[in-house]
Amino acid sequence: MIAALLALAASAAYGTSDLAAGVVARWVRPIAVAWWGHIAGVIVVTVLAAALAGGPPMRLLVPGIVAGIVVAIGLVLFYGALAQGPVAVVTPLAASAAAIPVAVGAARGEAPDTLGWVGLAITATGILVLAFPQRGTAEPNPSPSPSARPSCPDEQGAHRPRLPAALSALLAAVAFGSAFVLVDYGGLSGVPPLWVAAGLQIGGTLGLVPIVVMGRRARLAVEGKSVGLVLIAGLLAAGGDVALATAVSIGPLALVAVLASLDSAVSVLLAQLLLHERMTLRQAAGVTAALGGAILLAAG
């Protein structure tokens, strides 16, 4: 029960972070959102880990750091997708990351029951509906400010990502799902959850270094009201990492991964309430299937 509550807390933190990141990525580069958010997360989580859990054996931090690097790649893809497509479509696609840890859990004897498999099938159907827009209709595209230049990790100055928003979100899901497995491995190795979370933040920052070094420094500029949103997005994501690392250390990977992937429900709800985003009937059906299937999977 505690593991489930922690996983849901992680979803709440990630979902709110996603919304903040999606909004601010329309005014500043996605790489700036990811970079400064991770810097804030590294400082806060590392200080907490050192104060509460003592110094860790560095070799045991490797899974968390590798997971952080993988997540960093996923985050840049995800933020780029958010900057181009609506939150209500991008975030459920990213939630498909749960399929990877579910498969790993099943392989080691944590397979869901019949209801869980039905939920997985429904979720996959919803993802396909969202990933392939209806013919003759353009994918909704938010109108960023003139200074916004959302792009993929290489960020060569294009005004639009080289990859479609749906494809970027699905690639991010692969990265996020793999990271779940690595975080779980860190917990099984006996690393304190705070240090697993610190490893995630450190690895995420390291994963962004090549992108930062190879590009112009101007891409990292964050000014005015954007600063607060970037910090909020980063610290909420860091808090989600702490909750997730704690949950996988005491609960089954498959269950925790699915519940921690329900952040899309938080993002969609907040987008409807705060951003007044509107979904087509097809998109609404896809979102409902993806989230409803995830709930069935968790129940199974």
key: Cα centre as origin, Lys/Arg/Asp/Glu Cβ charges: the stretch 190-294 dipole, Debye   = 360
query = Once you sort the root eigenvalues of the Cα gyration tensor of the stretch 26-80 as a ≥ b ≥ c, which label holds: rounded (a/c under 1.5), prolate (a/b larger than b/c) or oblate (the other case)?
reply = oblate
request  = Taking the Cβ of G187 as the centre, find all other residues whose Cβ is under 15 Å away and add up their charges (Lys, Arg: +1; Asp, Glu: -1).
outcome  = -2
inquiry  = Please compute the length gained on full extension between A106 and I43, using 0.36 nm multiplied by the number of residues separating them and subtracting their Cα-Cα distance.
reply    = 19.1 nm
note = Of L188, L262, L235, ordered by accessible area with the largest first and a 1.4 Å probe, the sequence is L188, L235, L262
ask   = Where the convex hull is taken over the Cα atoms of the stretch 175-298, what is its projected area averaged over directions, in nm²?
value = 9.8
remark   = Quick tally, 1.4 Å probe accessible area for V44, V181, sorted with the most first, runs V44, V181
task = Using only the Cα atoms of the stretch 12-131, build the gyration tensor, take square roots of its eigenvalues as a ≥ b ≥ c, and label the shape rounded, prolate or oblate: rounded if a/c is under 1.5, else prolate if a/b is larger than b/c, else oblate.
result = oblate
inquiry  = Suppose R0 equals 35 Å. What FRET efficiency, 1/(1 + (r/R0)^6) with r the Cβ-Cβ distance, do A284 and V62 give to the nearest 0.05?
reply    = 0.25
message = Suppose R0 equals 30 Å. What FRET efficiency, 1/(1 + (r/R0)^6) with r the Cβ-Cβ distance, do W117 and L273 give to the nearest 0.05?
response = 0.35
ask   = Where does each of I295, I69 land when they are ordered by accessible area, with a 1.4 Å probe and the largest first?
value = I295, I69
note = Plugging the Cβ-Cβ distance of A218 and L167 into 1/(1 + (r/R0)^6) at R0 = 30 Å yields, to the nearest 0.05, a FRET efficiency of 0.65
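The values are calculated or read from the model by the stated rules, or taken from the named source; none is laboratory data. As the structure is a prediction and not an experimental result, all values here were calculated from the model. Note that each Cβ is placed from the backbone with ideal geometry, even for glycine, and that neighbours are counted across all protein chains shown. For accessibility, only protein heavy atoms count, side chains too; no ligands or nucleic acids. Shrake-Rupley method; radii C 1.70, N 1.55, O 1.52, S 1.80 Å.
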